[in-house]
Every structure is written in structure tokens, then in C-alpha cells.
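**Student:** Please see the structure below; I have some questions.
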Amino acid sequence: MSLKVVAVSQLGNYLKRKLDTDPQIQNLSVSGEVSNITKHKSGHYYFTLKDNLARISCVMFKAAAIKISFNLKEGDKVVCNCNTSFFPTSGSLQLYVNSIKLDGVGDLYTKFEALKLKLSEQGLFNEHHKLQCPSYPMSIALVVGNKTAARHDILVTLKNRWPIAKISEYNCLVQGENASVEIISALLECDENNHDIIIIARGGGSIEDLWAFNDEFLANVIYNLKTFCITGIGHEIDFTIADFVADIRGATPTSAATLCTPDINDVINNVTYYQTRLEFAINNQLTNNITRFNALKNNNVLSNMDSIILESELKINYHNQKLLNYKNYFDNKVNLYHNYHNRFLNIMVTQLNVNRNNLSNIQNKLIVNMNNNLQTKINSFNLNIKTMDAYSPLKSLSRGYSVVFFEDKSLNSIESVKIDDNINIRLSDGYLNCQIKDKGAKL
């Protein structure tokens, strides 16, 4: 019995068809080390993917290669999403790579490093552009999630350290798909309202949780703020793009609130210290003048003692009045502190009520918008169904037309069949199995 002889090209094409249609080796994720990498002038990558026991050739065409977010190089440990095929011309089995990422390094981290490098080269992290923190900020804007631990920690810290400042909250999403848009909107509103400082804060989380702060548009908005901006995002080990662009980074939300405000107890102690020094200097000067006056009086040096006495009394009255003015000034500062404290408490209560009403209004609007959007989708779906039905081939069948099949292919010429061939006729309600008995003249 002789074996069937096939051409090399037939065998190659057969192997290619078999591999291309095998679902077990298509859309694979294959890990390995990059070796013998070549970037063709056309933009295609050619390389070998290997491990300790095997190796396989790979090709990544330009359309996929331009999407790589890192510099692919010799020795990189990677994971490739690819299809397996046989290339008959060269007789090689190879992987066609659709996408590639570094093994052990997440896509988000790779994107983070790429964006960080890009913005650094654009100068968004330059120190000379950063603003100085005001020494005594009296208007503080807080961009933070509502009812979050970060918000609570900052408010407690500000109340303890610098309670005389006015706090304005701009609550927004700090995680999720639309978070970066809301943060940008809040920052632009803050900048327009002429606050002394802006604090951007969020609690700790994974790189996915903090990803809203790694947005390129957000980075440019922070860079262009006219108001001093400090970040307190995540834990001490967490870094985001927003941290690098901001004027100062706080390791945590609490640290950010501490870095941008003075301690009121230190301020009061300093005021008391300088008040004491001033009083001592005035008293010392007064004592010296009285001593000089008595010395001159006893030595009868001056002929017009009444004039000297009057002049000394005027000086004493002047210094007494100056001392009284300083006392009134510091008394006013103490009263101002108590007034700010009361205003802060009233503002907090008022703002809480406003936020509750705003939340209720937003919830109602969200429900209305969701219902309207759902109805729009339903109407669009029904219209598509009607359009598809209008153009359906079955409509033609229902008007008396039919489709003829021969060997599972539609028949469009009498030359494709012979007498006694079996054909299938598709009608609107089923099939007819027929046999060719005669063929008329070709039209």
C-alpha cells in the first residue's frame, strides 16, 4: 500500500489551519524572558521568548508595538497575550503577540512610572515653581471625600492646632472612574474663591484605590493653581502624581494639616513672650528716666525744674498710654480668637445642614436621570429591533422568494449543479429537499 504524497506547501498550510483553529493555543498568556530582540524599521518587534526548558519565536506587529508603555529590552521578564500559528514560508512555529507587560509589575505601576517620567520632563515637578505656605492661613479649603476618615483626621488636627481659621469643605469622590473629574472641579472652584491654602486628602489604599490622583489632567490643574496646595494622600509609603506636582506633600492627611498650620499654643506663647519683653523694656526705660530726673533735681543742674518735670510727666504719660494700647491690642486678639472659635462652630453646623440638603437633592436628581436614561435605552433598543426586522432576509422569503443551497452553499448559477444532484430550497416556513431532473437554457 503506497502512502499519499503531499507537497511541502500543502503540509504547511494544513498545519497552519490546524493551529489557527485550535482554541487551546489561541488567546494565550505566556510568560518568559525576552531574548534576541530586534526592532525592525517598519516598527515590528521580533524576539524569542524563553525559559530554562524551551524557547519560541515571537512577532509583535507595529499596531500592537506602539501601545507598549515601557522600553522592551533584552532579558525582560514579560507576560505576552498572543496567538499561536505556523508560518509556512519559513517553516517556523511562532507566537503573534497582541499585548505585553512586565512580569511581576502591574500595568498601573508601569503607567504610573511612564506618566511620572513624562511630567518630570515637562517641568511639572520643578521646585522653583512651587509656592510658599502662608505663615498664618486664615482661610483653608479642604478637598476630601465626605464622611471619610481622612476628613475627620484633618478637621480634628485643625481644630486642635489652628481653630481660628475658616475651613471650607469641597467634598468630592476620591476613588473610582469619575473621581479625578470631581477633584479637578473642586480644585478649580477652590482657586476661584481665593483661599489661603488648599489641602487635598485621602486615606490609604492600593494603587488602584489611589489611581484618581495619578491623572495627567489633574496634575496640570494642580500645577497651574494660584493658591498654595498641599497633599495628604494615603499612607507614608504611598506616592501619587499629585504629590509630586503639589507645593508640599504630607505623608498622611494628618501630616498635611500639621505642616500647613501653626500651633495656636505656640503663637499665644510667642505673643506672651514679646508682650513681657515689651513691658520690661518700657518699665526699664521709665525707671532710667526717673533716676536721671531725680539726679538732675538733686544736683540743681537745671534752672527750669518745672519745665523738666512737665516734660518728664509727658513722657511718662506717653509711655503709659503706649503700654495701655499694647494691652488693648492683645486683649482684642484674645477676643478675636474666641470670636473665630464661635464662628467656626456655627459654620460647621450650618455647613453640615447644607451638605445634607445637597446630598438629598443630588440623590433625587440621580434617580430621575437614571430613569430617563433607562427609558432612552429602551426606546433605542426597540427601534433597532424594528430596523433589523425590516431588513431581515426572512421578509423576502415571506413574499414568495426562496434561497437554494447545494452542498451547504447558496446556489446562484445552474452551472454549479448537474442532473440528479440534490439541492435544498429554503422557504419562509421550512426546507424542501429536491433533485435536479432537468436544466433549462442559461439566461
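Computed from the coordinates by the stated procedures, all read-outs in this text should not be read as laboratory data. Please read all numbers here as calculations on a predicted model, not as lab measurements. Because the Cβ atoms are built from the backbone with ideal geometry, glycine has one as well, and the counts that use them run over all protein chains shown.
**Student:** Compute, for the stretch 264-367, the length of the dipole vector about the Cα centre, with Cβ point charges of +1 (Lys, Arg) and -1 (Asp, Glu) only. Units Debye, rounded to 20.
**Tutor:** 440
**Student:** I want to check the label-to-label distance for Leu324 and Ser135. Put each point 7 Å from Cα in the C-beta direction and report it in nm to one decimal.
**Tutor:** 3.0
**Student:** Considering only DSSP beta bridges where both residues belong to the chain, give the percentage that are antiparallel (nearest 5). Intermediate values should be presented prior to the final figure.
**Tutor:** On the way: 38 of 60 bridges.
Antiparallel bridges: around 65 percent, rounded to the nearest 5.
**Student:** Still on this structure, please answer the following. Find the relative contact order for the chain and round it to a whole percent, using C-alpha pairs within less than 8 Å whose residues are 6+ positions apart. The partial results should precede the final answer.
**Tutor:** Numbers: 582 pairs, mean separation 38.8, N = 443.
Relative contact order for the chain comes out at 9 percent.
**Student:** Is any helix in the chain, taking whole DSSP H runs, at least 15 angstrom long along its axis by alpha carbon and on average at least 0.0 on the Kyte-Doolittle scale, and which ones? Each step should come with its number before you reach the end.
**Tutor:** Numbers: long enough: 8-20 (18 Å, -0.75); 107-122 (23 Å, -0.54); 149-161 (18 Å, -0.30); 179-192 (20 Å, 0.81); 264-298 (51 Å, -0.48); 305-390 (121 Å, -0.63).
Qualifying helices, which must be both long enough and hydrophobic enough, are 179-192.
**Student:** Can you give the FRET efficiency to the nearest 0.05 for Leu108 and Asp266, using r as the Cβ-Cβ distance and R₀ = 45 Å? Show your work: numbers first, answer last.
**Tutor:** On the way: r = 42 Å, r/R0 = 0.93.
My answer for the efficiency is 0.60.
**Student:** Now for a separate question. Would you mind checking which residues have amide H under 5 Å from Thr240's amide H? H placed 1.01 Å from N; only 5 or more apart, or other chain.
**Tutor:** none
**Student:** Name the long-range amide H neighbours of Lys166: under 5 Å, sequence gap of 5 or more, or other chain; modelled H, no Pro or chain starts.
**Tutor:** Here the answer is Ser139, Ile140, since their amide H atoms fall under 5 Å of that of Lys166.
**Student:** Quote to one decimal, in nm, the extra length available between Val181 and Tyr46 on full extension: 0.36 nm per residue of separation minus the C-alpha distance between them. Display every interim value, and only then the final one.
**Tutor:** Working: separation 135, 0.36 × 135 = 48.60 nm, distance 4.01 nm.
44.6 nm is the gain from fully extending Val181 to Tyr46.
**Student:** Across bins of 20 angstrom width beginning at 0, how are the C-alpha pair distances of the chain distributed, in whole percent?
**Tutor:** Taking all Cα pairs of the chain, the binned fractions are 15, 25, 26, 17, 9, 4, 2, 1 percent.
**Student:** Another question, then. Only counting other Cβ atoms within 10 Å, I'd like Val403, Val8, Val143 sorted with the fewest neighbours first.
**Tutor:** Val8, Val403, Val143
**Student:** Which longest uninterrupted range of the chain lacks any trypsin sites (Lys or Arg not before Pro) assigned by DSSP to a loop state (not H, G, I, E or B) and surrounded by at most 12 other Cβ atoms within 10 Å?
**Tutor:** Working: sites that count: Lys4, Lys41, Lys67, Lys73, Lys147, Lys226, Arg399, Lys418, Lys437, Lys439, Lys442.
With a cap of 12 other Cβ atoms within 10 Å, the longest stretch comes to 227-398.
**Student:** So who's got an amide H within less than 5 Å of the one on Leu95, skipping anything under 5 residues away but keeping other chains? H placed 1.01 Å off N, in plane.
**Tutor:** Under 5 Å from the amide H of Leu95 lie the amide H atoms of Ser57, Cys58, Val59, each far enough along the sequence or on another chain.
**Student:** Estimate the FRET efficiency between Phe244 and Phe405 by the formula 1/(1 + (r/R0)^6), using the beta-carbon distance for r and 45 Å for R0, to the nearest 0.05. Please list the in-between numbers first.
**Tutor:** Numbers: r = 66 Å, r/R0 = 1.48.
It comes out at approximately 0.10.
**Student:** Tell me whether the stretch 110-213 comes out rounded, prolate or oblate; compute the Cα gyration tensor, take square roots of the eigenvalues as a ≥ b ≥ c, and use a/c under 1.5 as the rounded threshold. List each step's numbers first, then the result.
**Tutor:** Numbers: a/c = 1.95, a/b = 1.32, b/c = 1.48.
Here the stretch 110-213 falls in the oblate category.
**Student:** Show me the GluC sites (Glu not before Pro) within the stretch 100-183 that DSSP assigns to loop and that have at most 13 other Cβ atoms within 10 Å of their Cβ. Please list the in-between numbers first.
**Tutor:** Values: sites: Glu113, Glu121, Glu127, Glu169, Glu177, Glu182; in loops: Glu177.
When the GluC sites (Glu not before Pro) of the stretch 100-183 are filtered for loop state and at most 13 Cβ neighbours within 10 Å, Glu177 remain.
**Student:** Distance check, please: which entries in Lys166/Lys226; Lys73/Lys116; Lys386/Lys409; Lys62/Lys118; Lys147/Lys365; Lys130/Lys159 exceed 25 angstrom between their Cα atoms? Can you show the working numbers first?
**Tutor:** Values: Lys166/Lys226 19 Å; Lys73/Lys116 20 Å; Lys386/Lys409 29 Å; Lys62/Lys118 22 Å; Lys147/Lys365 21 Å; Lys130/Lys159 27 Å.
Check vs 25 Å cut-off fails for Lys386/Lys409; Lys130/Lys159.
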